[in-house]
Ligand SMILES: *Cc1c(COP(=O)(O)O)cnc(C)c1O
């Protein structure tokens, strides 16, 4: 049989097409049996069809095929590879060396051990999600979380929904549907992933009434805008930007005073919302939820997976009558959390109340608070290991770096960190980043001043930065 791919040696196209096996023939081949044990028949059949179509196209367009390419065994080997690739999960584990601790694109907060265990438990077993074990009848879905949140924030009542965007939507709809909501022009924020206050407002059925200017809003701007159609005063934490220079905003306590005087409730979208004082970790301060509640705000909303370090969730704390109203709103049913989220959130909040060592228990807080010396030491330890893995073409250096909190918290503040800068004699920074992205698991760094940098604070375990490089061939298939 000819081996070379030369055209004159190949059979004519029609013959080749005839040689192409049928789907049935391949599937009944003994070598295909293990594939059908491992995967569903429709999945195998569809994948095989695709493979045979590709071969047919290749023959028709006169591509040279190795002569034994059409043999059943070869096709089954290819089929197996295709199936393995197609059955890899779309969401894969990776290493966050991006220098952004709460990276929205990388899944934000990591759960604590306790939260992860709680998720596993409720995933595997029936639980008393809405069942009162004492009474033997239907119970409260968010009971445990509400008690913890009340304890942590001092609020009368609390509720939880899918994310903070949903909390804002539910709050606006429950408190001010069909009425005006007054917001400062300096707080009409957009955050990543298309959350924009004016658009959420429109969807909530409330009507946006902007006051003030981009850089300055005064108490009288709110006071003058209040009329019989006003349903709510809304304050929005400008999470992901700062207005500096000639600027003025109305403090929450002043807004609460105006609302009280005029009989209009006040809601605040706090964004991250911290439960512990970050300034005690040497970080700049984010507003504390409990403080805002103490200032008399009617409802405050914040995220579960930002600074709090829990699962994606939208938390609401405030006056009982308002929270009751949210809970009675049919929209609440549409944005309520599933049991996995509730389990993770309860465990996370429980740590805040009960743990003797909160900072080491919650990975996000641990990342914020790890001492620089410890980070540097980790870097020194792994640098030679990374160098060894990459080979002689790469040049590595331990450098000063900075980390962002991310997810819109403290946008202008950076936490000191250390990084490993990686250069390669024949690759540019983009190409080096690609080499690391193709590692297993992928390692995500960042490029700064044309240098690829692995940030050691956001990465957590320094050993995770030693890339497990795939072979070039395997890599190209991904
Ligand atoms: C992050 C953020 C949101 C959205 O929160 P999600 O939990 O991501 O839905 C809303 N408002 C502000 C001010 C934010 O910072």
Three semi-axes of the equivalent ellipsoid, the range 1-124, Cα gyration tensor, whole Å, largest first: 44, 20, 11
Sum of -39500 (n - 2.57) over DSSP H runs of 4+, divided by residues of the chain (222 nm, nearest 500): -12000 deg cm²/dmol
10 Å binning of all Cα-Cα separations within the chain, expressed as whole percents from 0 upward: 4, 16, 20, 19, 17, 12, 7, 3, 1, 0
Pairwise FRET efficiency - residue 447 versus residue 294, Cβ, R0 = 41 Å, nearest 0.05: 0.40
Potential extension, residue 36-residue 199 segment - 0.36 nm per residue separation minus Cα distance: 53.7 nm
Prolate/oblate/rounded call for the range 338-451, Cα gyration tensor, a/c under 1.5 rounded: prolate
As computed over the range 221-287, the Cα convex hull volume per residue (Å³): 115
Cα shape, the range 110-205, gyration tensor, a/c 1.5 rule: prolate
Packing-based exposure ordering (other Cβ within 10 Å, fewest first) of 361, 46, 388: 388, 46, 361
Virtual spin-label span in nm between residue 377 and residue 431, 7 Å along Cα→Cβ: 3.8
Rg ratio (alpha-carbon, reference 2.2 N^0.38 Å) - the range 78-161: 1.67
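Sort 110-116, 95-101 for me by packing, meaning the mean count of neighbouring Cβ atoms within 10 Å per residue, highest on top.
95-101, 110-116
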Order of 364, 301 under a 10 Å beta carbon neighbour criterion, fewest first: 364, 301
Gyration tensor verdict on the range 230-367 (Cα atoms; rounded if a/c is under 1.5, prolate if a/b is larger than b/c, oblate otherwise): oblate
Equivalent ellipsoid semi-axes, the range 24-80, via Cα gyration tensor eigenvalues times 5, rooted, Å: 22, 12, 7
0 to 90° range, to nearest 10: angle between helix 372-390 axis and the chain longest Cα axis: 10
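Readers should treat all values here as calculations from the given coordinates under stated rules, not as data from a laboratory. Nothing here was measured: the structure is a model prediction, and the numbers come from that model. With ideal geometry, Cβ positions are generated from the backbone for all residues, glycine too; neighbour counts draw on all protein chains shown.
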